[in-house]
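Visitor: Below is a structure I'd like to ask you about.
The values are calculated or read from the model by the stated rules, or taken from the named source; none is laboratory data. Computed from a prediction, not measured in an experiment: that's the story for all the values here. Glycine gets a Cβ as well: all are built from the backbone with ideal geometry, and neighbour counts include every protein chain shown. Only protein heavy atoms, including side chains, enter the accessible area calculation; ligands, DNA and RNA are left aside. Shrake-Rupley method; radii C 1.70, N 1.55, O 1.52, S 1.80 Å.
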Amino acid sequence: MDRIWSMLEEIKPEHDFKESTDYIEDGLLDSFDLIALIDMLEKEFNIIVDGLDVVPENFCNAEAIAALVKKSGGDI
């Protein structure tokens with residue numbers, strides 16, 4: 001989970017992601033941020049995120065992102 005926190009902080013260092021329960025709804029991540037995050041996740045965990053999985057509920061918090069990485073074959 002620490003790797004995910006680090007990626008989020010790299011994308012938006014001005015936000016405290018640990019204080020939010022829904023990154024999308026709270027406006028912490030926008031569509032451009034999601035593209036950057038997906039690219040980082042794919043490289044870091046050697047996975048490919050299916051386009052059908054690029055939905056807000058898979059990026060609403062660190063736990064959801066970790067579940068997406070696992071679903072995509074990554075090891076967290």
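Visitor: Would you pick out the residues in region 32-50 that are of a type in the set (A, V, I, L, M, F, W, C) and in a helix (DSSP H, G or I)?
Guide: F32, L34, I35, A36, L37, I38, M40, L41, F45
Visitor: Given the condition part of a helix (DSSP H, G or I), among the acidic types (D, E), under 12 Å from the mean Cα position of the chain (by Cα) and surrounded by 14 or more Cβ atoms within 10 Å (Cβ to Cβ), answer yes or no: does some residue in region 14-25 qualify?
Guide: The answer is no, given that none of the residues of region 14-25 is part of a helix (DSSP H, G or I), among the acidic types (D, E), under 12 Å from the mean Cα position of the chain (by Cα) and surrounded by 14 or more Cβ atoms within 10 Å (Cβ to Cβ).
Visitor: Additional query: So, in region 51-76, how many residues would count as being open to solvent by 60 Å² or more (accessible area, probe 1.4 Å) and part of a loop (DSSP other than H, G, I, E, B)?
Guide: 4
Visitor: Still on this structure, please answer the following. Of everything in region 36-50, what is among the hydrophobic types (A, V, I, L, M, F, W, C) and open to solvent by less than 70 Å² (accessible area, probe 1.4 Å)? Give them in sequence order.
Guide: Listed by number, the residues that qualify are A36, L37, I38, M40, L41, F45, I47, V49.
Visitor: Right, something else. Across region 26-35, which residue is farthest from A67 (Cα to Cα) among those that are of a type in the set (A, V, I, L, M, F, W, C) and open to solvent by less than 40 Å² (accessible area, probe 1.4 Å)?
Guide: Residue satisfying both the conditions and the ranking: L28.
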